[in-house]
Structures are given as C-alpha cells and as structure tokens.
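The values are calculated or read from the model by the stated rules, or taken from the named source; none is laboratory data. These numbers were taken from a predicted model, which means no experiment stands behind them. Because the Cβ atoms are built from the backbone with ideal geometry, glycine has one as well, and the counts that use them run over all protein chains shown.
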Amino acid sequence: MIQTASKALFSTIAGSSSLKTLASRYGMRGPRSFARRFIAGETVDEAIAAARIIEASGLQQTLDLLGESVANMAEADAATRGYMQVLDKIVASGVGRNISLKLTQLGLSIDRATCVDNLRRILDLAQQHGFFVRIDMENSPFTQVTLDVFETMWQQGYRNVGVVLQSCLPRSVADAQRMNDLGARVRIVKGAYKEPRGVAHQDKAQVDAAFLEIMKLLLSGGTYPAIATHDPTMIAAARTYARERGIGPDRFEFQMLFGIRRDLQAALSSERYNVRVYVPFGREWFPYFMRRLGERPANVGFVVRGILSER
Ligand code: FDA
C-alpha cells in the first residue's frame, strides 16, 4: 500500500518539468552528487567507465541511454542516432555488447512505423557487432504495442533482441508462455510504474506470487531468462527451483540495477551465478531516478543526506 502511494507520488513528480530542470542542473554535479548513486553519468564515456569497473569485479552489464516519451520525430531520430553512436563507442571500448532501450524513446507514442524503422536501424548495427538489445517495458498503455513491435522484429529474423515482462500485469503469464513458444529471451521484473486497478495487481503479495509463477515458466521452458530483482525471497526461490530441476546457472542470469544491492550482486557472482547490472546514463535521467525513489521511500533520505553533506 505504502509502495503504491509512493509510486503515484513520484510518478507525478517525474512529470514536473520545472523540477526536472532544477534537478538536471544540480543532480549530476560533481562525483558525489545525489543522482550518481543510481545513474552512471551523463555521458557514454562515464557509462563505459562504470561498465569497466563492473566487469572487473566479475559481473556483466547492459548500458541504457536514458530517454523516453520523445515529443516529436526529430527527437526520436536524434535518440536513434544517439544509440548508434553509443554502439560504436562500446565496440571501440571493448566492454560487453549489451544495451537496453525504450520504444517511446524511438517514437512509439508518435508514429509506430517510424519507431519500427528506428529500432531496425539499431538492431542492424547491433547485429553486425554481436550486441544483444533488450527492449524495456514501459507502462501499460504500451504493453501490447511493445510486444507487437518485438514480434514484428522476431518475424523478420532478428534474434539479437529480447523483451521485458512485468509480474504486476496479470496478462504477463500468457505473454511469458508466448515468448517461450517463440524461443525469445525475457527479462522478468515486478514493474516500476503506477498502474490502474483492473490492469495490474495492486497488492505486493500478488505481484510477488506472479513473479514466482512467471520465473518458473521461464526457467523451465524459456530461453536464457533474466531474473531481474533485488528481492532476496525471489532470488532464493529462483535458485532453489533451478537447482531442484537441474537447470544449471549457465542457463539464466540475475539482473539488478546500478547502485542497488551491490552486496547481493557480488554475493551471487561469487557463487558463480551470472549477474548483469543495468547501467543507466545520459542527460534524461530524471524520470528513471524518480521511479527508483518511488520504489523505496528510504532512498529519499539517502538523497537528502547526500545533498546536505555536499559542500
Ligand atoms: P521490491 O520492490 O519488492 O524490492 C525488494 C528489495 O530490493 C527492497 O526491499 C530493497 O532492499 C531493494 N530495492 C528495490 N528497489 C530499490 C531501490 N529503488 N532502491 C534501493 N533498494 C531497492 N521495470 C519496468 O517496469 N520495466 C523494465 O523494463 C524494467 N527493467 C528493469 C531491469 C532491471 C535489471 C531491474 C533490476 C529492474 C527493472 N525494472 C523494470 C524495475 C522493476 O520493475 C522494479 O521496479 C524494481 O526492480 C524493484 O523491484 P524488486 O524486484 O527489486 O522488488
């Protein structure tokens, strides 16, 4: 209940352009700025530096050039070109080739056909260089269209691409079965957005139960699923389920967000599980940052302490 209310509050704040402007001015200043705990930096070079540190400690990474809900086709085109430059930089740097992106960043809410074209441009370049591209899942008005765009790509023969399903949506059980039938790679998450009653489970116990159900479906019948959570109960259940069924740790991976439960990331990796850290970066970090605050109100205290301790 508290989490639902805080998600609602922070999603409202995320939409405030004046706060965004203010935060953008101060949030990333200096190496100890408050947003840096969750965001690797504003430039791809900073993200690559973070990726190097992650890889040096035995973890893998996926880089996400932050951005969503662009306002026009010119911005969607700029985001697409931005991603293509990121791919080039990653190739030149030698860090692992794995990215995450959002379709509204490529123009989905303006014109679906153009978004598909933009995604294809990225996937072609990604394919050429052996990248895996994860399409993040956004809020529920975009669920069906995101899966449709994914399937369009899949039918056109792209295999270097995967999706995300959210256990807060009751439909995700059927979607997971569909993805298993296709042989597509799925990242299962609980869901970061404030969703209306009727569309999504409102009760944490239901979200968790659905997470376990989908996680099992993916482990048993899916293709290299990603179990993306910081919840020790979900992680323990995944480990037990995999062990009891002889599903080796090479057949799935755990994923966590940059700056969250680094202790757990390291512990799992030391036990020879594959762990991938989602590394967000870029100038458009405000909505992502607000979602992280909304998930855990204690983070607000962390941010306030950070601001107060800055000179
Ligand atoms: P839960 O929220 O129950 O938290 C469990 C525990 O984890 C907490 O008690 C706390 O210890 C820790 N924790 C969780 N969030 C924290 C935070 N912000 N700060 C500090 N500690 C925190 N969502 C989505 O809708 N679409 C997407 O594409 C993605 N992609 C994605 C990728 C990856 C790699 C991850 C890990 C997550 C996502 N998410 C996402 C976000 C996801 O839906 C969810 O909002 C968060 O992971 C928080 O949920 P947990 O599963 O961690 O559990």
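Could you say which residue among THR233, THR223 is more than 14 Å from the ligand (Cβ to nearest atom), modelled with pLDDT of 95 or more and of a type in the set (Ser, Thr, Tyr)?
From the options THR233, THR223, the qualifying one is THR223.
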Just name the residue that is nearest to the chain's Cα centre (by Cα) out of those in the range 152-210 that are among the β-branched types (Val, Ile, Thr) and away from the ligand (no atom under 12 Å from the Cβ). VAL161
Given the conditions (1) part of a helix (DSSP H, G or I); (2) within 15 Å of the ligand (Cβ to nearest atom); (3) over 15 Å from the mean Cα position of the chain (by Cα), every one holds for ARG121 apart from (2)
If I filter the range 124-151 down to residues being within 16 Å of the ligand (Cβ to nearest atom) and charged (D, E, K, R), which single residue comes out as surrounded by the fewest Cβ atoms within 10 Å (Cβ to Cβ)? ASP136
Would you confirm, using the coordinates I've provided, whether GLY246 is in contact (Cβ under 8 Å) with a residue 60 or more places away in the chain and in the same structural domain as ASN98 (by TED's automatic domain parsing)? no
State yes or no: is MET137 in a loop (DSSP other than H, G, I, E, B), touching a residue at least 24 places away in the same chain (Cβ under 8 Å) and in the same structural domain as LEU63 (by TED's automatic domain parsing)? yes
Condition broken by PHE281, with the remaining ones in (1) within 19 Å of the chain's Cα centre (by Cα); (2) of a type outside the set (A, V, I, L, M); (3) more than 27 Å from ALA79 (Cβ to Cβ) satisfied: (3)
Taking the condition of being aromatic (Phe, Trp, Tyr) and surrounded by fewer than 20 Cβ atoms within 10 Å (Cβ to Cβ), how many residues in the range 233-272 meet it? 1
For the range 1-109, which fully contained helices (runs of 4 or more DSSP H) count at least 1 residues that are surrounded by 22 or more Cβ atoms within 10 Å (Cβ to Cβ) and at pLDDT 95 or above? 44-56, 73-93
